[in-house]
Amino acid sequence: MQKVKIPHKVDPVRAAAKKLDYDGYIPRDKLERLAGVVETVLSDAEVRLSFSVDLQGLTVIEGSAGAAVKCECQRCGDPCELGLSADFHYTVDEKKARDLGLEDDYDFADLDEFGELDIYNLVEDELMLSLPMVIMHPEGECEMPEGGVYGKIVTENTESNPFAVLGKLKKS
Ligand SMILES: [Zn+2]
């Protein structure tokens, strides 16, 4: 099945009334904010979205998004490719959700002056939130310089135990 481009903006109330589903992509050149925090965005964002009205009458937007990005490894400084993925669960009826005591069950999406939801913005927020706090290669997969050691670990050992250095000398 050919992937369709996700619409940039949707009226979520109408989309929910029609129970619209989208399975498509957002072109990577539209992910400018994400591109600003990583080294390179490597792929389009794959996006699934469903609009519905739930049992409490809330307009709900559920879905998932994924994208591949390249960052700098914070351990070795080499490029590090990363697959981002996010699941989300929004409603546009913040007041109603709070009145029902359901504010913890949803994120709240704001609509623009035309009552439309900026889907690109929402997906980009989710992908940025899914970035790990510290981006590193998996343990043991960093390219280390010849004979290199993890500088930080060595320093910590030396500080906490001055004899560690002696022990090391003896062994060698
Ligand atoms: Zn690394």
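So K9 ticks every box in (1) out of contact with any helix residue (DSSP H, G or I) (no Cβ under 8 Å at 6 or more places or on another chain); (2) in contact (Cβ under 8 Å) with a residue 12 or more places away in the chain; (3) surrounded by fewer than 18 Cβ atoms within 10 Å (Cβ to Cβ) but one. Which box is left unticked? Evaluating K9 over (1) out of contact with any helix residue (DSSP H, G or I) (no Cβ under 8 Å at 6 or more places or on another chain); (2) in contact (Cβ under 8 Å) with a residue 12 or more places away in the chain; (3) surrounded by fewer than 18 Cβ atoms within 10 Å (Cβ to Cβ) leaves (1) as the failure. S85 meets all of the listed conditions (1) within 16 Å of the ligand (Cβ to nearest atom); (2) in contact with a Gly (Cβ under 6 Å, 6 or more places away or on another chain) but one, namely (1). In the stretch 62-80, the qualifying residues are those that are hydrophobic (A, V, I, L, M, F, W, C) and away from the ligand (no atom under 16 Å from the Cβ), and the one that is surrounded by the fewest Cβ atoms within 10 Å (Cβ to Cβ) is A68.
Every number in this text was worked out from the coordinates using simple rules, so none of it is lab data. From a predicted model like this one, the values you see are computed outputs, not experimental measurements. Cβ coordinates were reconstructed from backbone atoms using ideal geometry, including for glycine residues, and neighbour counts include every protein chain displayed.
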